[in-house]
Amino acid sequence: MSTALTAFADEVGPDGPVAVEGGLTRWDAAGPLDDGVRVLRAPVGLVEYQPAEMTVRVLAGTTVADLHDELASAGQRTALPDRGGTVGGAVVVGENAPTMLGVGRIREAVLQVTYVSADGRLVVGGGPTVKNVSGFDLPRLFVGSFGTLGLVGEVILRTNPVPAASVWLAADDADPAAVFDTLLRPGAIFHDGARTTVLLEGHAVDVEHQTEQLRSMGTFLPADGPPALPEHRWSVAPSELRRLDTSTTGEYVAAIGVGLLWAARRQPRRAPEPSASEVARRIKAEFDPTRRLNPGRFVAGMEH
């Protein structure tokens, strides 16, 4: 283990309520911490980057922006959303990038996590490549855990190439569902109830061909980029997008095909399935029996 990780584990220690903060961009997404929690920061730095293997080992306190700047020198990127936060924060929040159709899902990008357990030990889950992973898939469990199972200090991520060409196009007279059904691997499709905005990525000849396809479905013109996303992120089934009620959401932007929505109003909290709550309770009890990690956070239907 690196000196930085060892020092991080020593700082966490085995006792007392503790949490880790990143860029604070989603700090209250799972509810506020209890009073009296000691708040730390994860170590920072790029540990190892292998462009040919398309993997990167990075300490959790590193900002996503700094990581992507480094990867861009080799023409690569990751699935992490670049919204001002840290790598560890992006992983434990589990919020996919708005352009996840193109970059992929976080759960599929995290190959290995090194975390500090509730008793202060450094634990490694997963492996540097998919073929080396066996047993329980800890990285997938930690994505979206909000630090309630362990405090992430380092991750290994899968990278993917930055496309040779990309273009944003938008139209006010196109059916977003038809666009999704027609295009092959678009980078993103957004719809706000009236306007459809599309990101096309790939080789230049493929982007040109798909641009012509789009223009057969509406008056698509060049756009400056993605639409401005409202404050609150919702998770909805793709089939529910056709039945959105703006009296509930307010202004919204939906990511077509991925079940994500950004709305002016908060999503009403749904009662969790009893079975999901029971599974979450058992997992929490196994990983953090004294409930010292991020106490107060609400994940998978159970108060932590």
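Scattering from the range 74-198 was approximated by placing one identical point on each alpha carbon and applying the Debye formula without solvent; log10 I(q)/I(0) at 0.12 1/Å stands at -0.55. Taking the number of Cβ atoms within 10 Å of each Cβ as an exposure proxy, the fewest-first ranking of Tyr252, Tyr115, Tyr49 is Tyr49, Tyr252, Tyr115.
Between Asp119, Asp181, Asp69, where does the largest GNM mean-square fluctuation fall for the chain, given springs only between Cα atoms within less than 10 Å? Top of the fluctuation ranking is Asp181. The slack in the chain from Ala177 to Ala29, taken as 0.36 nm per residue of separation less the alpha-carbon distance, amounts to 50.3 nm.
Round to a whole angstrom and tell me the spacing of the C-alpha centers of the range 96-131 and the range 5-77. The two parts, judged by their Cα centres, are 12 Å apart. Helix content alone sets the calculated 222 nm mean residue ellipticity of the chain: runs of n ≥ 4 DSSP H residues at -39500 (n - 2.57) each, divided across all residues, give -6500 deg cm²/dmol. Between the range 237-261 and the range 187-209, the alpha-carbon centres lie 18 Å apart. In this structure, the amide hydrogen of Gly202, modeled 1.01 Å from its nitrogen in the peptide plane, lies closer than 5 angstrom to those of Ala164, Ala165, counting only residues at least 5 positions away or on a different chain. The H on the amide N of Thr55, modeled in the peptide plane, is under 5 Å from the matching H of Gln50, Thr159, each at least 5 residues off or on a different chain.
How many percent of Cα pairs in the chain exceed 35 Å?
Across the chain, Cα pairs with separations above 35 Å total 24 percent.
Between Ala7 and Ala276, the simple spin-label model (points 7 angstrom out along Cα→Cβ) gives 4.0 nm. For the range 165-263, the relative contact order works out to 32 percent when only alpha carbon pairs closer than 8 Å and six or more residues apart are counted.
Estimated from the Cβ-Cβ distance and a Förster radius of 22 angstrom, the FRET efficiency linking Asp82 and Asp224 is about 0.80. Computed from the C-beta positions of Glu212 and Val162, the FRET efficiency with R₀ = 25 Å rounds to 0.60.
Projecting the Cα atoms of Val47, Met1, Tyr252 onto the charge dipole of the chain, computed from C-beta unit charges around the Cα centre, puts Met1 farthest toward the positive end. Under a Gaussian network description of the chain, with springs only between Cα atoms under 10 Å, the residue in Glu53, Glu21, Glu70 that fluctuates furthest is Glu53.
Normalised by the number of residues in the range 1-49, the mean separation of alpha-carbon contacts (under 8 Å, six or more apart) gives a relative contact order of 44 percent. Using all pairs of distinct alpha-carbon atoms, the Kirkwood hydrodynamic radius of the range 165-263 works out to 13.6 angstrom. Take every pair of alpha-carbon atoms less than 8 Å apart whose residues are at least six positions apart; their mean separation over the length of the chain yields a relative contact order of 18 percent.
Coordinate-derived values only; no laboratory data. Computed from a predicted structure; not experimentally measured. Because the Cβ atoms are built from the backbone with ideal geometry, glycine has one as well, and the counts that use them run over all protein chains shown.
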